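Okay, structure first, notes after.
Quick note: the coordinates plus some simple rules give every number you see, no bench work behind them. Everything numeric in this text was worked out from a predicted model, so none of it was measured.
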Amino acid sequence: MMKYCQGPSCHRYKTKDRIRGTKGAKCYATRRRTHLLFGLFCSQRCEYDWVEKFADKAIDHFGRTTEAKKIECDNAWYKWSNYIDHIDSRAVYNHYFINDLLGKRIQITEQQFDDENIITPNNLSQ
């Protein structure tokens, strides 16, 4: 199981928590990874080191974007809610489908908002 930081230069940074070994046989060593930073690195510095060294190789391997990606008007709907008030110890919200490209906003119920199967106004049950 991988438990060490994947930063290519982690062991080169001179911090006290990287010192390992006993008197006379000390060295700087790679730190353990943290649950933050994708669970792969001990710090943002190490994360940036990895990105600088390997990002191009990773993008080339998984596929480089060469053209702008687009979302057409019909597929640009998203759900949105906004806080209205606090009534009887319960927050009250308005829920909507919004399409900024079409300039439209359709009010929906909280149940429709929470339903992951409803992703556009076309999916609303009439």
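Below are the figures for this structure:
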quantity	calculated
Which listed pairs, of 3/69; 14/53; 26/57, have C-alpha distances above 26 Å, in listed order	3/69; 26/57
Calculated [θ] (222 nm, deg cm²/dmol) that DSSP helices of n ≥ 4 give over the chain, each run adding -39,500 (n - 2.57)	-6000 deg cm²/dmol
